[in-house]
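The next block holds one structure in the form of C-alpha cells; read it before the comments.
Readers should treat all values here as calculations from the given coordinates under stated rules, not as data from a laboratory. Note that the structure is predicted; figures quoted are calculated from it, not measured. Methodologically, a virtual Cβ is constructed for each residue, glycine included, from the backbone with ideal geometry; neighbour enumeration extends over all protein chains shown.
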Amino acid sequence: DAKTTQPNSMESNEEEPVHLPCNHSTISGTDYIHWYRQLPSQGPEYVIHGLTSNVNNRMASLAIAEDRKSSTLILHRATLRDAAVYYCILRDYNTNAGKSTFGDGTTLTVKP
Amino acid sequence: DTAVSQTPKYLVTQMGNDKSIKCEQNLGHDTMYWYKQDSKKFLKIMFSYNNKELIINETVPNRFSPKSPDKAHLNLHINSLELGDSAVYFCASSRRTGGTYGYTFGSGTRLTVV
C-alpha cells in the first residue's frame, strides 16, 4: 500500500484558516486521497476525498497537487471543535479489497 | 439513528476469557471492516467483509474470528484474551469496496484485558 506522511502536530488560532499537508509520493494512478479526523474518544469521521481535482464540501476543501504527490486539507475558519487528529490516507479505486492504511496523523490544536 | 453502532462501548475482562463485540450499520452499505487502534493511536485494519464474504484478513492471530450473518452486521469474537489485546476496536462500513467510497466509523469498543 502506498504510504502517506504528515506532520505530527500543528497549531492554529480560532477563526483562522488551517492548511494541513500530506505527502504521498508513491501514490498510484488509481488511489483516491481521503481525509478523516478523530476527535478525542470518538471514531474517525470522514472529512473529504478526491482523485485529481480540488474538492469542496461543507466541512473543508481538498487541494491536490498537479502531480498528485501531495495534498492539503484546508479548514477555512478553524473552531475549537476542529481540534482533532487528522488522517490522510490512500484508497485504491481498483482493488476489491477496500483496505487502507492509516498513518500517525496530524494532531491539530486550535487556540482561542 | 446511529449509522454504525457497536456494543459494548466498554469491555473489561480477565486474561483467558472469550468475548464478542457486535457491530451493526443501517446505511445499506455492502462492505464492513474491523480496525484496531492501539495505545499509540495507530489504526490498523483487521478484517473486511463485502456482502457477507471475507475479503481482507490481515495478519491477525486466529484467536480473532469475525462473523457476518448479513451485510448489515459484522461481529468480532476473541478467544483466550491476552493483555496485548487491550485496545480500541472500531467497526466501519463503506458503500462498496474501493476508494470511491468513504468509511463511516462506529464510536469504538474499548477493550481492557486484566
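Other chains near B:32-44: what is the mean number of their Cβ atoms within 10 Å of each residue's Cβ? Provide the component values of the computation, followed by the final result.
Details: counts 1, 3, 0, 5, 0, 4, 0, 0, 1, 7, 5, 13, 3.
Across B:32-44, the average partner-chain Cβ count within 10 Å equals 3.
Tell me the Kirkwood hydrodynamic radius of chain B in angstroms, computed as one over the mean inverse distance between distinct C-alpha pairs.
Numbers: mean 1/r = 0.0714 Å⁻¹.
It works out to 14.0 Å.
Can you give the percent of C-alpha pairs in the stretch B:53-109 whose distance is more than 17 Å? Let's see the in-between values first.
Values: 761 of 1596 pairs.
Within the stretch B:53-109, distances greater than 17 Å cover 48 percent of Cα pairs.
What do you get for GluC sites (Glu not before Pro) in the stretch A:1-50 restricted to DSSP loop and a cutoff of at most 15 other Cβ within 10 Å of the site's Cβ?
Details: sites: A:Glu11, A:Glu14, A:Glu15, A:Glu45; in loops: A:Glu14, A:Glu15.
The qualifying sites are A:Glu14, A:Glu15.
Scattering from the C-alpha atoms of chain A alone, worked out with Debye: what is log10 I(q)/I(0) at q = 0.18 1/Å?
Treating every Cα as an identical point scatterer, log10 I(q)/I(0) equals -0.85.
Using amide H atoms built 1.01 Å from N in the peptide plane, name the residues 5+ places from A:Val47, or on other chains, whose amide H lies under 5 Å from its own.
A:Trp35, A:Tyr36, A:Arg37
Take B:Ser107 and A:Met59, extend 7 Å from each Cα along the Cα→Cβ direction, and tell me the distance between the two endpoints in nm.
Reported label-point gap for B:Ser107 and A:Met59 is 1.7 nm.
Taking N as the number of residues in the protein assembly as shown, what is its Cα Rg relative to 2.2 N^0.38 Å? Mind showing how you got there, number by number?
Numbers: Rg = 17.6 Å, N = 226, 2.2 N^0.38 = 17.3 Å.
Rg over 2.2 N^0.38 Å, computed on Cα atoms: 1.02.
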